[in-house]
Amino acid sequence: MVGKKHRNVLASVLGGRSDANVPFSDLIALLKALGFSERIKGDHHILWKDDVVEIVNLQPKGSKAKPYQVKQVRNILLRYKMGFDDE
């Protein structure tokens with residue numbers, strides 16, 4: 001189920017104005033809501049999706065996502081035109 005929080009995180013990631021302030025758990029939840037599968041090895045969260053060539057490898061920096069990884073996620077979302085259907 002896609003909630004308001006997922007939509008807010010998506011808007012924040014796509015907006016690109018606060019890459020250093022995206023909570024790591026919110027970024028993971030967003031990708032999972034968009035259909036990505038996840039496996040965890042140590043602090044590495046590896047996410048993939050059947051129709052996406054890239055594999056996303058994320059690690060937290062404290063409770064936040066690393067800014068360069070937020071940018072990588074944004075580029076993937078834009079490249080594959082990912083979002084929620086009713087937007």
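Across the range 4-43, what is the number of residues that are under 20 Å from D85 (Cα atoms) and in contact (Cβ under 8 Å) with a residue 12 or more places away in the chain?
Pass one, the range 4-43, residues under 20 Å from D85 (Cα atoms): 4-15, 26-37.
Subset that is in contact (Cβ under 8 Å) with a residue 12 or more places away in the chain: 5-7, 9-10, 13-14, 26-37.
The number of residues fulfilling the criteria is 19.
Identify, by number, the condition in (1) under 20 Å from G3 (Cβ atoms); (2) in a loop (DSSP other than H, G, I, E, B); (3) at pLDDT 95 or above; (4) not acidic (D, E) that F84 doesn't meet.
Against the list (1) under 20 Å from G3 (Cβ atoms); (2) in a loop (DSSP other than H, G, I, E, B); (3) at pLDDT 95 or above; (4) not acidic (D, E), F84 comes up short only on (3).
For the condition under 12 Å from the mean Cα position of the chain (by Cα), in a helix (DSSP H, G or I), of a type outside the set (D, E) and farther than 23 Å from K4 by Cβ, what is the one hit in K71, K32? So that I can check it myself, show each step before the final result.
Values: K32 fails: farther than 23 Å from K4 by Cβ.
Step by step, each of K71, K32 is checked, and only K71 is under 12 Å from the mean Cα position of the chain (by Cα), in a helix (DSSP H, G or I), of a type outside the set (D, E) and farther than 23 Å from K4 by Cβ.
Answer yes or no as to whether E54 is under 12 Å from the mean Cα position of the chain (by Cα), acidic (D, E) and more than 14 Å from S12 (Cβ to Cβ).
Numbers: under 12 Å from the mean Cα position of the chain (by Cα): no; acidic (D, E): yes; more than 14 Å from S12 (Cβ to Cβ): yes.
So E54 does not fit the description; no.
Return only the number of the condition from (1) surrounded by fewer than 17 Cβ atoms within 10 Å (Cβ to Cβ); (2) closer than 24 Å to D85 by Cα; (3) aliphatic (A, V, I, L, M); (4) within 13 Å of the chain's Cα centre (by Cα) that I46 does not satisfy.
For I46, the failing item is (2).
The values are calculated or read from the model by the stated rules, or taken from the named source; none is laboratory data. Worth saying up front: this structure is predicted, and the values here are computed from it rather than measured. As a convention, Cβ positions derive from the backbone with ideal geometry for all residues, glycine included, and neighbour counts pool all protein chains shown.
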